[in-house]
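Presented below is the structure to which this report refers.
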Amino acid sequence: MKKIVATVATGVIVAGSCLTNVSAAEYQVQKGDSLWSIANEHNTTVDNLFDVNDLQSSLIHPNQTLVIDEQYKVEKGDTLSGIGSKFGVAVTDLKEWNNLESDFLFIGQMLNIKETNSEQNDAPVTPVPDNKSADESDQPSEDVEAEAAAKAQEEAEAEEAAKAEEEARAEAEAQEAEEAAKAEEAAKAQEAAEAEEAAKAEEEAKAQEVAEAEEAAKAEEAAKAQEAQEAEEAAKAEEEAKAQEAAEAEEAAKAEEEAKAQEVAEAEEAAKAEEAAKAQEAAEAEEAAEAEEVANETTQSNTEDNTQSEAANGETFSVASTAYTASCEGCSGVTSTGIDLKANPNEKVIAVDPSVIPLGSEVYVEGYGHAVAGDIGGAINGNKIDVHVPTHEEAINWGTRTVNVTVVD
């Protein structure tokens, strides 16, 4: 760092008068920094950084602390020309560095002092008034000689510093040039490597594109084949559905014919049963009349219902029978005496004419077994019964038949 020596007009050396008021702005080196980038960022020069920080080479390392600029604290009696003389800088530079519009200064003001390559001026410094008497400012002649020796020593040191600065600058410039050349070579190598990688990537992309196109073509062919197969299967399914529909229609027609034939047969059987019932009824009426005449125990006021009920007790007689089921659409399944045939589909129950077989009677029906007279029917009159079976198929199979019924209880 340059040695700062302040003089007064009388030739008295004021030792340390400026150094005590000088401070510095510092910067901590970051990874990737160089002296050139730091100087450019802080509006200074590489030479200034060399000088301020006593650098022997341009090599710096992260976290190293560098002094950027010196700062001077204004004291009583200071002037721009005096401060410029102390640090060997021009008044115009001080104004520019500190954005000063005039020469006015105030005590305690901090001024930025940027080092330059120029030699210090030998002009005397304006004295700083300190209210000392004239007697106190008189110095012996030995001080003048000391001042001259100090100035000669300072000039010698300044010359050595200038040489060292030129050597350091040359070394820094050479190192920066070497680093720039290396960086340029590395950049070219990187550029070539990136170009090669880009070419490889382009080739791979083209190969991938061709492979994807081939896969897409194969997928399209497979999709068309699948579509054709599905169309063929759909056509077969449609033909099978039509054949099934025709078969079902034929079966339905046959079933309808069979049902009609069954209905005709049932109607014929019902007619025959009705005729047999009428004949039975006529025979029973004739027997009843004969019994009335022989027994002569009844009167004309006895009702036909009472006569038939008494004749039925414990007797066996022939009746016309049909069958019915509770598992039909719209049927409640509950008999007139409250028997739930849907809940009890296997219950043995017959529908009777109460005037012939009283409701609640226990009977035995030929081909059917023991049953309860637990229901009535609109078509069940006289010697007719309707036996309950679990299914419609069993009812059809029973048909119309003449059976013997015995009133057990």
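With each label modelled as a point 7 angstrom along the Cα→C-beta vector, the Lys182-Glu263 pair spans 11.3 nm. Once the chain from Glu157 to Lys31 is taken as fully extended at 0.36 nm per residue, the excess over their C-alpha distance is 41.9 nm.
Of the whole protein surface, Ile107 contributes about 120 Å² of accessible area at a 1.4 Å probe radius. These residues, Thr335, Thr406, go from largest to smallest accessible area, 1.4 Å probe, as Thr406, Thr335. Packing here is the average count of other Cβ atoms within 10 Å per residue, and on that basis the peptides 236-248, 322-334, highest first, run 322-334, 236-248. Annotation for Ala148 and Glu394: the two label points, set 7 Å from Cα along the Cα-Cβ direction, are 15.6 nm apart. Evaluating 6.51 cos²θ - 1.76 cosθ + 1.60 at θ = phi - 60° for every residue in segment 97-107, the Karplus couplings come out as 5, 10, 6, 8, 8, 9, 8, 6, 10, 10, 4 Hz, glycine and proline recorded as x. Label-to-label distance, Ser81 versus Val210, with points set 7 angstrom from Cα along the beta-carbon direction: 8.7 nm. Within the same chain, lysines fewer than 8 places from Lys114 are excluded, and of the rest, those with a Cα less than 24 Å from its Cα are Lys2, Lys3, Lys73, Lys76, Lys86, Lys95, Lys151, Lys163.
The values are calculated or read from the model by the stated rules, or taken from the named source; none is laboratory data. On a predicted model such as this, the values are computed, not experimentally measured, just so you know. Cβ atoms come from the backbone with ideal geometry, glycine included; neighbour counts cover every protein chain shown. Note: accessible area is taken over every heavy atom of the protein model, side chains too, but ligands, DNA and RNA are not part of it. Shrake-Rupley method; radii C 1.70, N 1.55, O 1.52, S 1.80 Å.
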